[in-house]
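Asker: Sharing a structure with you now.
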Amino acid sequence: MNDTAWMDEITGRARVVVVRSPITDLGPLGDAAARLGPDCAEVVLGMGDETARARYRALREAVDHPTLPLVFVDRRFAGGIEAAARLRTLDTRMPAVAAACGYGGLIPFAAGAIALLAGGGPTVAAALLGYAAVILSFVGAVHWGMAVAAPAPSPPGMALSVVPALLAWPGVLLPPLPGMVVLAAALAGWRAVERLGWGDDGFPGWFRRLRDHLTAGAVVSLMLGAVGIGLA
């Protein structure tokens, strides 16, 4: 194997490759790697022979990183132990309980929309508005929890995380028709803010996909509910 072919072989063993020594403590990186299953491979470089030591030095110089572990994603260097957060974003395997709780949470939205289209009255509209406000507050609270749990809590993150609750409040105070529109716009707008760069990076890939689906379901239900109110 030529001077660089071994490096290509190591970094190409899986989508994610973690290079470590037998005594490297991976900590949270190990947990994040394990969640990726067959999409992640570990390469153990023993330091007992000169070939292994030479390869370690070559890798270290190639990526300009002084210590193991070295993490590669799609053959590109992604970092060291701090790459755990990046690996979590690659996790696309949705836990069954998350799918059940998440998609099950759309049932009240769908039921409310159908009932309003069928001529449901103010009680149904209030129930749908109240549930939408609770969910909107919840998606903000997720970010509050992330900000609090971070090693260095982020004041901007905490401040932004309460915005959905502040938007939910007028949504339930307004008459049903404009309230539905306000809450639908707030849910869609908040998800757009997340996708445009604030708040999505620390979440697993499956959670981001779930958020997209649940937001779409909630927004469609609210707009159908608004149509039902308008036709009443």
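The values are calculated or read from the model by the stated rules, or taken from the named source; none is laboratory data. All values derive from a computational prediction rather than experimental measurement. In this analysis, Cβ positions are derived from the backbone assuming ideal geometry, glycine residues included, and neighbour counts consider all displayed protein chains.
Asker: If the requirement is being within 17 Å of F77 (Cα to Cα), touching a Pro at 6+ places or on another chain (Cβ under 9 Å) and not aliphatic (A, V, I, L, M), which of these qualifies: R60, R55, R13?
Answerer: R60
Asker: Looking only at helices (runs of 4 or more DSSP H) that lie completely in segment 1-109, which have at least 2 residues being touching a strand residue (DSSP E or B) at 6+ places or on another chain (Cβ under 9 Å)?
Answerer: 5-11, 28-35, 50-63, 84-89
Asker: Something else about it: Could you pull out the residue among V97, V44, V17 that is at pLDDT 85 or above and either surrounded by 17 or more Cβ atoms within 10 Å (Cβ to Cβ) or in contact with a Phe, Trp or Tyr (Cβ under 7 Å, 6 or more places away or on another chain) (or both)?
Answerer: V17
Asker: Also, quick follow-up: Which condition breaks for G79 when tested against (1) crowded, with 18+ Cβ neighbours inside 10 Å; (2) small (G, A, S); (3) on the phi < 0 side of the Ramachandran plot?
Answerer: The failed condition is (3).
Asker: Run down P155, P164, P151 and say which single residue is more than 18 Å from E194 (Cα to Cα), in the same structural domain as G105 (by TED's automatic domain parsing) and of a type outside the set (A, V, I, L, M).
Answerer: P151
Asker: Does segment 194-207 hold any residues that are part of a helix (DSSP H, G or I) and without any contact (Cβ under 8 Å) to a residue 24 or more places away in the chain, and which are they?
Answerer: Answer for segment 194-207, where residues must be part of a helix (DSSP H, G or I) and without any contact (Cβ under 8 Å) to a residue 24 or more places away in the chain: E194, R195.
Asker: Separate question: Name the single residue, out of those in segment 165-213 being loosely packed, with under 15 Cβ neighbours inside 10 Å and among the acidic types (D, E), that is nearest to L224 (Cα to Cα).
Answerer: Filtering first and then ranking leaves D212.
Asker: Please go through segment 111-163 and pick out each residue that is in a helix (DSSP H, G or I), hydrophobic (A, V, I, L, M, F, W, C) and under 18 Å from A232 (Cα atoms).
Answerer: The answer is A111, A113, I114, A115, L116, L117, V124, A125, A126, A127, L128, L129.
Asker: Let me confirm something: among S221, S161, which residue is under 19 Å from the mean Cα position of the chain (by Cα) and hydroxyl-bearing (S, T, Y)?
Answerer: S161
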